[in-house]
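The values are calculated or read from the model by the stated rules, or taken from the named source; none is laboratory data. Just so it is clear, the model here is predicted, and its values are computed rather than measured. So basically every Cβ, Gly included, is an ideal-geometry build from the backbone, and we count neighbours across all protein chains shown. With ligands, DNA and RNA removed, areas are computed over all heavy atoms of the protein, side chains included. Shrake-Rupley method; radii C 1.70, N 1.55, O 1.52, S 1.80 Å.
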Amino acid sequence: ELFPGTVGRFVLDGAIDPALPAATFLAEQAAGFEEDLRDFERWCSSRASCAGSFTTGVVASVDRLLSRLDSGVTLPVAASLAPPGSRLDDGLALTGILAGLYSTSSWLFLGQAIAAAAAGSGSELLDLADSYAGISPGGSASNALAANVAINCVDRRWPSSVPAIERLVPRLARVAPVFGPSEAWGSLACGFWPVPPGRGGAVHLSRPLPILVVGSTRDPATPYAWARALVSQLTGSRLLTRVGDGHTAYFASACIATWVNRYLVTGELPPAGTVCR
């Protein structure tokens, strides 16, 4: 918006709709993860190496595990993964499950991690939770998650009190029983963020810009509808679609990578309506 004359070849993969109010943003993201969890359950049930660990299905096992942890039970973890005496609680378990849904390449390990936690060991889910937080097995950490919070908090106006979040929890729980309440409480920091949010809202360009927006139809973190909405706001942009699960598309599809690389090298946008798998 500020400097359209200096925008060159620009790819946005895993797009966010800046026009969404906070409550809708949280509800749609929670619903995306809920849908992906059920996709993972269907994937798991078709593979003996995964399905054998879940006699009543993945979602039912997750519900039981989280209910148990929510009651105050914690699970031991291997000392090599965390300081001696560390335990896996409900928040870390849910973070681990969420992290495992980000990429289908993690799904087999996610099934093993949930099964291990159900059997009493929290090590595998803690490993996934650490990966989400940018913590490597050696203990070094990235600031990516902290930066993500700082950026999101100034992107839009968030619930600014605990009662406001308490009112939001039932709405999110209806659309996403597993992830909805945690999405609501996860916005708590932004409600008390010391820097006020920016202008926010839909994008308004003074000239058309040939930006390439990439969206995956079953992306849990940035739902496909957000990519479509952003394209409608970015005059001159083009939507490139990947059919599939997982967050972002470039590293998940050779077809997507080919079109993105061609655009970055030559400036050629894919034909309107291009779909990859």
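Report, largest value first, the span of the C-alpha coordinates of segment 1-151 along each principal axis, in whole Å.
Cα spread of segment 1-151 along its principal axes, largest to smallest: 58, 36, 28 Å.
Using only Cα atoms, find the angle between the long axis of helix 22-45 and the longest principal axis of the chain, and express it within 0 to 90 degrees, rounded to the nearest 10.
Around 60 degrees separate the two axes.
Would you work out if segment 55-106 is rounded, prolate or oblate? Take a ≥ b ≥ c from the square roots of the eigenvalues of the alpha-carbon gyration tensor; rounded if a/c is under 1.5, else prolate when a/b is larger than b/c, oblate otherwise.
Note, shape of segment 55-106 comes out oblate.
For the chain, with every protein chain kept in place, what is the accessible area per residue (1.4 Å probe, Å²)? Spell out each step's value before the answer.
Values: 13480 Å² over 277 residues.
Here the residues of the chain average 49 Å² of exposed surface.
Using a 1.4 angstrom probe on heavy atoms only, work out the carbon and sulfur share of the accessible area of the chain in %. Walk me through the intermediate numbers first.
On the way: 7830 of 13480 Å².
Exposed carbon and sulfur together represent 58 percent of the surface.
Would you mind checking which residues have amide H under 5 Å from Arg242's amide H? H placed 1.01 Å from N; only 5 or more apart, or other chain.
Gly215, Ser216, Thr217, Cys276
Roughly how many debye, to the nearest 20, is the charge dipole of the chain about its Cα centre, given +1 on each Lys and Arg Cβ, -1 on each Asp and Glu Cβ, and no other charges?
Numbers: 20 positive and 22 negative charges, 126 e Å.
So the dipole magnitude of the chain works out to roughly 600 debye.
Calculated from DSSP H runs of 4 or more alone, at -39500 (n - 2.57) each and per residue, what is the 222 nm mean residue ellipticity of the chain, nearest 500?
Working: 12 runs with 133 residues, N = 277.
For the chain, the value works out to -14500 deg cm²/dmol.
Treating only the Cβ of Lys, Arg, Asp and Glu as charged (+1, +1, -1, -1), what charge dipole size does segment 105-175 show about its Cα centre? Round to the nearest 20 debye.
Details: 5 positive and 5 negative charges, 101 e Å.
Rounded to the nearest 20 debye, it is 480 debye.
Checking the a/c ratio against 1.5 first, then a/b against b/c, what shape does the Cα gyration tensor give for segment 117-203? Display every interim value, and only then the final one.
On the way: a/c = 2.66, a/b = 1.34, b/c = 1.98.
Oblate shape, in that a/c is at least 1.5 and b/c is the bigger or equal ratio.
If you place +1 on the Cβ of every Lys and Arg and -1 on the Cβ of every Asp and Glu, how big does the dipole about the Cα centre of segment 182-267 come out, in debye to the nearest 20? Don't skip to the answer; put the middle values down first.
Values: 7 positive and 3 negative charges, 71 e Å.
Dipole about the Cα centre, nearest 20: 340 debye.
Residue by residue through segment 197-207, which ³J(HN,Hα) values in whole Hz follow from phi under the Karplus form 6.51 cos²θ - 1.76 cosθ + 1.60 (θ = phi - 60°), with glycine and proline marked x?
Coupling constants for segment 197-207: x, x, 4, x, x, 5, 7, 10, 9, 8, 8 Hz.
Using the basic label-point model (7 angstrom from Cα toward the beta carbon), what is the Ala133 to Ala78 distance in nanometres?
Output for this residue pair reads 1.8 nm.
Note down the relative contact order for the chain as a percent, whole number, built from C-alpha pairs under 8 angstrom at least six residues apart.
Values: 480 pairs, mean separation 73.1, N = 277.
Relative CO of the chain lands at 26 percent.
Highest first, please rank the peptides 169-177, 140-148, 268-276, 212-220 by the mean number of other Cβ atoms sitting within 10 Å of their residues.
On the way: 169-177: 16.2, 140-148: 11.0, 268-276: 14.0, 212-220: 23.1.
Answer by packing, highest mean first, reads 212-220, 169-177, 268-276, 140-148.
What is the ratio of the Cα radius of gyration of the chain to 2.2 N^0.38 Å, with N the residue count, to two decimals?
Numbers: Rg = 20.0 Å, N = 277, 2.2 N^0.38 = 18.6 Å.
It is 1.07.
Using the Cα gyration tensor of segment 216-277, with a ≥ b ≥ c the square roots of its eigenvalues, what is the shape: rounded (a/c below 1.5), prolate (a/b larger than b/c) or oblate (neither)?
Working: a/c = 2.04, a/b = 1.14, b/c = 1.80.
Oblate, since a/c reaches 1.5 and b/c is not below a/b.
Suppose R0 equals 25 Å. What FRET efficiency, 1/(1 + (r/R0)^6) with r the Cβ-Cβ distance, do Ser206 and Arg157 give to the nearest 0.05? Could you put the intermediate results ahead of the total?
Working: r = 25 Å, r/R0 = 1.01.
Using R0 = 25 Å, I get an efficiency of 0.50.
Any chance you could run the full-extension gain for Ala254 through Ser71? It's 0.36 nm times the residue separation minus the Cα-Cα distance, nm to one decimal.
Details: separation 183, 0.36 × 183 = 65.88 nm, distance 4.47 nm.
That works out to 61.4 nm of additional length.
Putting +1 on Lys and Arg Cβ atoms and -1 on Asp and Glu Cβ atoms, find which of Ala51, Leu128, Leu101 reaches farthest to the positive end of the dipole of segment 29-131.
So the residue furthest toward the plus end is Ala51.
Stretch Arg47-Ala147 to full length: gain in nm at 0.36 nm per residue minus the Cα-Cα span? If you can, show how the numbers build up before the last one.
Values: separation 100, 0.36 × 100 = 36.00 nm, distance 3.74 nm.
Length gained between Arg47 and Ala147: 32.3 nm.
Using all C-alpha to C-alpha distances in segment 7-81, build P(r) with 10 Å bins and read off the rounded percent in each one.
For segment 7-81, the pair-distance distribution reads 14, 26, 31, 21, 7, 1.
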